[in-house]
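The values are calculated or read from the model by the stated rules, or taken from the named source; none is laboratory data. Nothing here was measured: the structure is a model prediction, and the numbers come from that model. No Cβ is skipped: glycine too gets one built from the backbone with ideal geometry, and neighbour counts run over all protein chains shown.
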Amino acid sequence: MNKLNNLICTSLLMLFSVQASANLSLNNEQSALHFVSVKKSSIAEVHHFSELAGKFDDQSGEVSIEINLASVETLIPIRNERMQALLFETELYPKAVISAKVDVSKINKLAVGEIYHTKQNFKLNLHGINNAMDAVVAITKLKNGKFNVTSVKPVIVQAANFELLNGINSLKNIANLPSITTQVPVTFNLVFESK
């Protein structure tokens, strides 16, 4: 009887571990999120965030991605500090959060190397504001249970929709610039893998 109980317990533990493995984590080293700023009407510069975290449940389809706004990297240290303090106000709003629910019935059927293109609804919580947005993405199944999610075209973030206009004006004034665009193209390449 004890052997039977042990066998049942072991089977349940194995089942639980298989179910738990359905949670995939974002690989920060293999992932990237870039945005473009344009100043003086014609000078475009590409920036990124160096610290991303996230998870994807390939059973429920729930996806959550956290962007550490203090990790903004513009390649100019003083500009990084100004963006943190004046634009993102990281002391009040340290993170931006992307949340979505994807169609797992299609994703889980992908063969290794196969790509699924879709228009994905998501919510972006940025600067204390939560807005619904869309992105056209390519989801690729990789080896070892990994998934790659890439923007097919840039997502345009409107600064006004997240109450960031004052921050942009502050950056413009402190840097003595005639203009900084308030429509920001964002691209991403995200890799999710088993924990």
Exactly one of GLY61, GLY128, GLY54 is under 20 Å from the mean Cα position of the chain (by Cα), in contact (Cβ under 8 Å) with a residue 40 or more places away in the chain and under 30 Å from LEU171 (Cα atoms), and that one is GLY54
Given the conditions (1) buried (at least 18 other Cβ atoms within 10 Å of the Cβ); (2) modelled with pLDDT of 95 or more, every one holds for ASP58 apart from (2)
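Hey, could you check segment 85-103 for residues that are free of Cβ contacts under 8 Å to residues at least 60 places away in the same chain and out of contact with any strand residue (DSSP E or B) (no Cβ under 8 Å at 6 or more places or on another chain) and say which is farthest from GLU66 (Cα to Cα)? Spell out the reasoning first.
Quick first cut of segment 85-103, residues free of Cβ contacts under 8 Å to residues at least 60 places away in the same chain only: 85, 90-103.
Going one step further and asking which of them are out of contact with any strand residue (DSSP E or B) (no Cβ under 8 Å at 6 or more places or on another chain), we end up with 85, 90-92.
On the way: ALA85: 19, THR90: 14, GLU91: 16, LEU92: 15 Å.
The extreme case among them is ALA85.
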Matching option when the condition is modelled with pLDDT of 95 or more, under 23 Å from ASN176 (Cβ atoms) and either assigned to a strand (DSSP E or B) or among the aliphatic types (A, V, I, L, M) (or both), among VAL97, VAL46, VAL63: VAL46
All but one of (1) surrounded by 12 or more Cβ atoms within 10 Å (Cβ to Cβ); (2) touching a Leu at 6+ places or on another chain (Cβ under 8 Å) hold for LEU124, so report the exception by its number. (2)
Reported set for segment 116-169 where residues are in contact with a Phe, Trp or Tyr (Cβ under 9 Å, 6 or more places away or on another chain), under 19 Å from LYS95 (Cβ atoms) and either in a loop (DSSP other than H, G, I, E, B) or hydroxyl-bearing (Ser, Thr, Tyr) (or both) is HIS127, GLY128, LEU164
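Please determine whether any residue of segment 64-74 is in contact with a helix residue (DSSP H, G or I) (Cβ under 7 Å, 6 or more places away or on another chain), closer than 17 Å to ALA159 by Cα and surrounded by 15 or more Cβ atoms within 10 Å (Cβ to Cβ). Quick ask: steps written out before the conclusion?
Looking only at segment 64-74, we keep the residues that are in contact with a helix residue (DSSP H, G or I) (Cβ under 7 Å, 6 or more places away or on another chain), and these are 69-70, 72-74.
Now narrow it down to the ones that are closer than 17 Å to ALA159 by Cα: 69, 72.
After this cut, where a residue has to be surrounded by 15 or more Cβ atoms within 10 Å (Cβ to Cβ) as well, the list is 69, 72.
Checking segment 64-74: at least one residue is in contact with a helix residue (DSSP H, G or I) (Cβ under 7 Å, 6 or more places away or on another chain), closer than 17 Å to ALA159 by Cα and surrounded by 15 or more Cβ atoms within 10 Å (Cβ to Cβ).
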If we ask which residues in segment 170-188 are surrounded by 14 or more Cβ atoms within 10 Å (Cβ to Cβ) and part of a helix (DSSP H, G or I), their number turns out to be 3
Collect the residues in segment 100-115 that are touching a Gly at 6+ places or on another chain (Cβ under 9 Å), surrounded by 14 or more Cβ atoms within 10 Å (Cβ to Cβ) and part of a loop (DSSP other than H, G, I, E, B), keeping them in residue-number order. VAL102
Residue within segment 25-42 that is surrounded by 14 or more Cβ atoms within 10 Å (Cβ to Cβ) and either touching a Lys or Arg at 6+ places or on another chain (Cβ under 6 Å) or free of Cβ contacts under 8 Å to residues at least 60 places away in the same chain (or both) present: yes
